[in-house]
């Protein structure tokens, strides 16, 4: 089993949250132990965390416990191993006073041409354009 920390459109109530895939695996609300810069970026207004530990703010999100199959599906959704996609790193998160490591999807700043807003602590933006609506 793997812990996965999500901060954007995979959270409950957002367009990429799949209740069949994620809801049964929900552990609780969590935050990163150290700061990372989270921005709204790109032509589709996507939430992005840059792999720049120690800058920005601690990020608020949700922790899920998933199996290998679900982790592979999340990697597919996040474009891991695709040009312009995210990559997965382990970060320290805190949940209910407990600290543990969880996978988090990040990008390098050089891979993002447009930054609209940030740094943010909590993603609540409604401008994201889902893949099926992109031209």
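Assorted remarks:
- Number of residues in the range 105-117 that are part of a loop (DSSP other than H, G, I, E, B) and over 27 Å from residue 2 (Cα atoms): the value is 3.
- Qualifying residues in the range 77-104 (those that are touching a helix residue (DSSP H, G or I) at 6+ places or on another chain (Cβ under 8 Å) and part of a strand (DSSP E or B)) - the one surrounded by the fewest Cβ atoms within 10 Å (Cβ to Cβ): 88
- Among the candidates 31, 65, residue that is touching a helix residue (DSSP H, G or I) at 6+ places or on another chain (Cβ under 6 Å), in contact (Cβ under 8 Å) with a residue 24 or more places away in the chain and either surrounded by 19 or more Cβ atoms within 10 Å (Cβ to Cβ) or assigned to a strand (DSSP E or B) (or both): 65
- Criterion applied to 120, 74 was being within 18 Å of residue 2 (Cβ to Cβ), touching a residue at least 12 places away in the same chain (Cβ under 8 Å) and buried (at least 19 other Cβ atoms within 10 Å of the Cβ), and the one residue passing it is 74.
Computed from the coordinates by the stated procedures, all read-outs in this text should not be read as laboratory data. Since this is a predicted model, take the numbers as computed values, not measurements. All Cβ positions, even for glycine, are placed from backbone atoms using ideal geometry, and neighbour counts span all protein chains on display.
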